[in-house]
Amino acid sequence: MLDLKTATNVVIKNLPNGTIQCSVEYKDMYLFQVFGDDPGEEEVDPFYSVNKETGEFKEFSILTDGDIGEVVSLFKNVTRR
């Protein structure tokens, strides 16, 4: 099982030019909000997941890959701190 530090390193490896804004735990994943500096990325969905068991990294859509209300609430709670 991956810890948050290891999952963060997976994100950095896959998005070396990205800036991680925050992360949350959701089901069997760590979700990350990551913004890039590259032109044209302003319209890209900024969410990515790392599976806690396998370390698989992939894009995450809050609209189709999870419960939008729960995911938005998790990120709001983190950004309020």
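Before moving on, here are some points about what is shown:
- Per-selection metrics, the range 4-80 (Cα): Rg and Dmax in Å: 11.8, 33
- Relative contact order (%) - the chain, alpha-carbon pairs under 8 angstrom, separation at least six: 28
- Within the listed set Thr54, Thr64, Thr19, the residue fluctuating most in the Gaussian network model of the chain (springs between alpha-carbon atoms under 10 angstrom) is Thr64.
- 15 Å beta-carbon shell around Asn51, net charge (K/R +1, D/E -1): -3
- Dipole magnitude (debye, nearest 20) for the chain, charges at Cβ of Lys, Arg, Asp, Glu: 440
- With 18 Å as the limit on Cα-Cα distance, the pairs of Lys13/Lys76; Lys27/Lys58; Lys5/Lys76 that go past it are Lys13/Lys76; Lys5/Lys76.
Coordinate-derived values only; no laboratory data. Keep in mind it's a predicted model, so treat the numbers as computed, not measured. Methodologically, a virtual Cβ is constructed for each residue, glycine included, from the backbone with ideal geometry; neighbour enumeration extends over all protein chains shown.
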